[in-house]
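S.K.: To start, I am sharing the structure in question, which I have written as structure tokens.
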Amino acid sequence: MDSTELVDILERYGLSPYQATAYVTVLERGTLAAQEVANLSSVPQPRVYDILRDLEEEGFVTTYEQDKLYVQALNPDDALDVVRERAAELEAAVEEITDRWQQPAVKEHTISLVQRGQTVFEKAREELDHAVDHAQLVCKTDHLEALWPTLVAAHDRNVFVDVSLYDVEDRESLAEYDFSELCTHARVLRRPLRSDPFGALIDRERACYSWYPATDDEYGIYIDDSAHENMVWNFMMNLRDAAEEHYIATPYDPPLRFGALRDCLHVVEPLVREGRTLTAEIEGTWVDSGRRCEVAGTVLNIDYPGFEAGETATPLQMFTDARLTLDTGDETYTVGGFDALIEDIEATRVVVTGIE
């Protein structure tokens, strides 16, 4: 390290430019008169006495009078304690910044009761406008028509849109609806339900649900909380499984983005059974440390009780017991969903990047 680099480093650790260059000059030349320090460095003659006294006060040098003012460097072990303290503080700050960057962002959680069903519907429209990865909808055809432009826009942004319609009469063909415009998957339940529910799940974080959205005297709920939206998801998944498939984008056109592993597995499961090769990118956290991670590779298999026997996973299994195995080429990792415990990674976002 040359003198210029050493001066720059001392400046970064708190010395002024004149203090740093004066101190390095004294280190290199030994005992010097104050005027010699000025002559050998960039310190102006009028400032040199003040600079040397400042260095003495901070423990870097000592001065003495002998027909003129002389200066010499003190033992660095004592003089550099301040520099070491600042270096330790900076190192601690670096570790803290890294830890905070790796930790999931802290956010406010909201669970609200909404007095009007129509308010829930409008809130769902607003959230669908901001969907990034995945949107799941349970509704009647009139709700679908009202949300059609919103869903088309989301689908155009490559949001994976999954629609389940209910109370569809047997004689109703649905031929007038071009599902390829607005969704990746559509199911139909050709019978009414006890209530007229409307539900929307967006990006595994937000849920809107109303029992009777067409009335003003029944309340609904709005959830902005990934730990609790699964209550609505569980209901919607059971209704979804009771419905019949009506439309599937074939073949699926990657990238397919999901805000939760549970939603991804419903798509991956039949493809894995067919022997298709899938590649994926996983964002999440390491289960053992809680630190953020991003991995990419080939999906080797999925696993849940009953998969090998050919059974379809229940919503509860998809939420608690299901996982996939990803081969990055260097390592193999197991990937679980929300609140994963035994897997290597808790996934917060899954992108299926390729299907062959």
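S.K.: Quick one: if the Förster radius is 56 Å, what FRET efficiency do T312 and M1 give, using the C-beta to C-beta distance and rounding to 0.05? Write out the running numbers ahead of the final one.
M.R.: Values: r = 66 Å, r/R0 = 1.18.
My answer for the efficiency is 0.25.
S.K.: State the three equivalent ellipsoid semi-axes of the range 3-102, derived from the C-alpha gyration tensor as the square roots of 5 times its eigenvalues, in descending order and whole Å.
M.R.: 31, 13, 10
S.K.: A follow-up question, please. Restricting the count to DSSP beta bridges whose residues both fall in the chain, what percent are antiparallel, rounded to a multiple of 5? Provide the component values of the computation, followed by the final result.
M.R.: Details: 58 of 72 bridges.
Of those bridges, close to 80 percent are antiparallel.
S.K.: Can I ask one more? Would you mind working out the magnitude of the charge dipole of the range 110-248 relative to its Cα centre, with +1 at each Lys and Arg C-beta and -1 at each Asp and Glu C-beta, to the nearest 20 Debye? The partial results should precede the final answer.
M.R.: Working: 13 positive and 28 negative charges, 58 e Å.
That gives the range 110-248 a dipole magnitude of about 280 debye.
S.K.: Which FRET efficiency value, to the nearest 0.05, do you get for Q35 and A93 by plugging their Cβ-Cβ distance into 1/(1 + (r/R0)^6) with R0 = 30 Å?
M.R.: On the way: r = 40 Å, r/R0 = 1.35.
Result of the calculation: an efficiency of 0.15.
S.K.: If you don't mind, there's one more thing I want to ask. Rounded to the nearest 20 debye, what is the charge dipole size of the range 3-102 about its Cα centre when +1 sits on each Lys and Arg Cβ and -1 on each Asp and Glu Cβ?
M.R.: On the way: 8 positive and 21 negative charges, 83 e Å.
So the magnitude is around 400 debye.
S.K.: Got a sec? Charge dipole of the chain, +1 on Cβ for Lys and Arg, -1 for Asp and Glu; which of A20, M1, A153 is way out at the positive end?
M.R.: A153
S.K.: If you put +1 on each Lys and Arg Cβ and -1 on each Asp and Glu Cβ, how big is the dipole of the chain around its Cα centre, in Debye rounded to 20? Intermediate results must be reported in sequence, preceding the final value.
M.R.: Working: 30 positive and 71 negative charges, 120 e Å.
Charge dipole, the chain, about its Cα centre: 580 debye, nearest 20.
S.K.: When the chain is fully extended, how far beyond the present Cα-Cα distance does Q115 get from R47, taking 0.36 nm per residue of separation? Each step should come with its number before you reach the end.
M.R.: Working: separation 68, 0.36 × 68 = 24.48 nm, distance 7.42 nm.
Result for the pair: 17.1 nm of gain on full extension.
S.K.: Please order L40, L90, L261, L144 by the number of other Cβ within 10 Å, starting at the fewest. Don't jump to the answer; show the numbers that get you there.
M.R.: Working: L40 15, L90 12, L261 29, L144 19.
Exposure proxy ranking, most exposed first: L90, L40, L144, L261.
S.K.: Report the gain in length on full extension from A175 to I9: 0.36 nm times residue separation, minus Cα-Cα distance, nm rounded to one decimal.
M.R.: Once the chain is fully extended between A175 and I9, it gains 52.5 nm.
S.K.: Going toward the positive end of the dipole of the chain, with +1 on Lys and Arg Cβ and -1 on Asp and Glu Cβ, which of L10, H246, T328 do you reach last?
M.R.: H246
S.K.: Placing +1 on the Cβ of each Lys and Arg and -1 on the Cβ of each Asp and Glu in the chain, which of T119, H266, Y222 has its Cα farthest towards the positive end of the resulting dipole?
M.R.: T119
S.K.: Tell me, what ³J(HN,Hα) does each residue in the range 191-203 have, in order and in whole Hz, if you take phi through Karplus 6.51 cos²θ - 1.76 cosθ + 1.60 with θ = phi - 60° and put x for Gly and Pro?
M.R.: Along the range 191-203, the couplings run 6, x, 10, 5, 10, 10, x, 10, x, 9, 10, 10, 6 Hz.
S.K.: At a 10 angstrom cut-off on C-beta neighbours, averaged per residue, how do the peptides 163-176, 338-351 rank from highest to lowest?
M.R.: Values: 163-176: 14.3, 338-351: 19.1.
Output ranking for 163-176, 338-351: 338-351, 163-176.
S.K.: Right, next: Please work out which option in [x] 26.0, 89; [y] 32.7, 113; [z] 19.6, 58 gives Rg and Dmax of the Cα atoms in Å calculated from these coordinates, and answer with its label.
M.R.: From the options [x] 26.0, 89; [y] 32.7, 113; [z] 19.6, 58, the structure gives [y].
S.K.: Can you compute the modelled spin-label distance between E294 and L193, with each label point 7 Å from Cα toward Cβ, in nm?
M.R.: 3.7 nm
S.K.: Any idea how far apart N301 and E126 come out in nm if each label point goes 7 Å out from Cα toward Cβ?
M.R.: Using points 7 Å along Cα→Cβ, the separation is 4.7 nm.
S.K.: How high is the relative contact order of the chain, in percent, counting Cα pairs under 8 Å that sit 6 or more residues apart? Can you show the working numbers first?
M.R.: Working: 662 pairs, mean separation 44.7, N = 356.
Taking the mean separation of contacting Cα pairs over the length of the chain, I get 13 percent.
S.K.: Whole Å is fine, so just give me how far the alpha carbon centre of the range 118-145 lies from that of the range 146-192.
M.R.: Comparing the Cα centres of the range 118-145 and the range 146-192, I get a distance of 11 Å.
S.K.: What FRET efficiency comes out for the pair N158/S16, r = Cβ-Cβ distance, R0 = 56 Å, nearest 0.05?
M.R.: Working: r = 55 Å, r/R0 = 0.98.
After rounding, the FRET efficiency stands at 0.55.
Quick note: the coordinates plus some simple rules give every number you see, no bench work behind them. Quick caveat: nothing in here was measured; it's all calculated off a predicted structure. Please note: Cβ atoms are built from the backbone with ideal geometry, for glycine as well, and neighbour counts cover all protein chains shown.
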